[in-house]
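> Input: one structure, supplied below.
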Amino acid sequence: AMIEVLAKLGRGPVFLAGEVLECVITFTNPLSASSTSASSEMLAWASAQIHCQFHASENRVALPPSDGSKHDVQAENETVFVPNRVCCLCLSCYTACGLGKLQKCSHCVKRHWGLCDSYCETLPVDGPPSFRGQSVKYVYKLPIGCQRVNSPIKLLRVPFRVLVLHGLKDYQFPQDEAVAPSNPFLEEEEGLKKDSRLADLATELLMVATSRRSLHLYNISNTRGKVGTFCIFKTVYKIGEDVIGTFNFSEGDIPCLQFSVSLQTEESIQEEFQRRRGQPVSFTMHARHQESCLHTAQSSFSLPIPLSSTPGFTTNIVSLKWRLHFEFVTSGESAGTCLVRGSQSEAVTWTGVEQMEVDTFSWDLPIKVLPTNPILASYVSQFSSTNSITI
């Protein structure tokens, strides 16, 4: 005797804050062929809600004492799951007690067919993005609780990812539907139509913000003189793009022996929540390029921004920023080579010096990283669109 609960996120496990999350929940009775057609199982109730769980490192973050009055409150005629986490925000709640909301279905889940319903809820525009850092974590889940008659309660947790694009909250959709873009061959509900327009708007804003190109030139110098120049054509990117830059060492006075470029995120806790005053920020490296460049006139690098990474954001507790971290190794003396002559009949050979005095210095260039189309991010998501459990 069993009931299989299947939860499916139709479009994928990645959403943009402000979009509508839709999850189709199906209850089936997978009995064997030898079972009679009258075999069935009784489902007592089912409930689903969206949770954003907040995890903080006790060594890095000092949170204020929790207020017991701010915990989830059980509403009348609703089932609310209160997780065993101190900081957990129930964003929305759906309850089908006795399957009262499952239209054209019965409480009885018979063999070879079952009950099916769709859970839809708009994700808050001002919520935090999904993030797994060294100090804090924001994790989104859709817990689905259900109980078969005379059986224990089971919980199916459906994880998903949320991307946040600032600027969508203040956008006002046009009131005149006649001028709004639409597909005349499809009949869409008002909520889905607005959700589609929101995704189109986000794509347009991202394209405008990341397509602007202008030449940025930076002189690379140390205390002894100029090493070279660095060129980059934009400083605003989407996750999934490549950060491309070029170096010109031909006009430098100081020979550059080696350089490295790292794509990093800087995770810092707001001052009022720091465990120790002036505690250092946390850095995470996502890509790195290193190259030896003695006697090299020009060089370049390309660093991919992973689709699985989190775009920059700021909350009242933590902020995440992106940067390019450069490290240069320059010659502290003349970079001449040793000339070794053989016999008169042999050719002249060149060999490198065995020892050389060097100077090292670093430089940081802030960049801005925005989210991308959630459908594109779904292709590389670690989460599955379909989750199931047997009760």
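> Can you give me the long-range amide H partners of residue 3? Hydrogens built in the peptide plane at 1.01 Å from N, cutoff under 5 Å, separation of 5 or more residues or another chain.
The answer is 391.
> With θ set to phi - 60°, apply the Karplus curve 6.51 cos²θ - 1.76 cosθ + 1.60 along segment 211-217 and write out the HN-Hα couplings as whole Hz, x wherever there is a Gly or Pro.
After applying 6.51 cos²θ - 1.76 cosθ + 1.60, I find 8, 6, 10, 8, 6, 10, 10 Hz.
> Using the Cβ atoms and a cut-off under 14 Å, what net charge is assigned to the surroundings of residue 221, where Lys and Arg are +1 and Asp and Glu are -1?
So the surrounding residues net to -1.
> Further question: ³J(HN,Hα) across segment 122-128 via Karplus (A = 6.51, B = -1.76, C = 1.60, θ = phi - 60°), whole Hz, x for Gly/Pro?
Along segment 122-128, the couplings run 7, 6, x, 5, 8, x, x Hz.
> Separate question: Could you pull out every residue, at least 5 positions away or on a different chain, whose amide H is within less than 5 Å of the one on residue 287? Hs are placed 1.01 Å off N in the peptide plane, and Pro or chain starts have none.
Under 5 Å from the amide H of residue 287 lie the amide H atoms of 263, each far enough along the sequence or on another chain.
> Pop out the ³J(HN,Hα) list for segment 9-23 in order, Karplus 6.51 cos²θ - 1.76 cosθ + 1.60 with θ = phi - 60°, rounded to Hz; leave Gly and Pro as x.
With coefficients 6.51, -1.76 and 1.60, one gets 8, x, 8, x, x, 10, 9, 9, 4, x, 7, 9, 7, 10, 10 Hz.
> For 271, 121, give the ranking by accessible area with the largest first, probe 1.4 Å.
Working: 271 125, 121 60 Å².
Largest to smallest exposure gives the sequence 271, 121.
The values are calculated or read from the model by the stated rules, or taken from the named source; none is laboratory data. Bear in mind the structure is a predicted one, so any value in this text is a computation, not a measurement. Positions of Cβ are backbone-derived with ideal geometry, glycine not excepted, and every protein chain shown enters the neighbour counts. All accessible areas refer to the heavy atoms of the entire protein, side chains included, with ligands and DNA or RNA removed. Shrake-Rupley method; radii C 1.70, N 1.55, O 1.52, S 1.80 Å.
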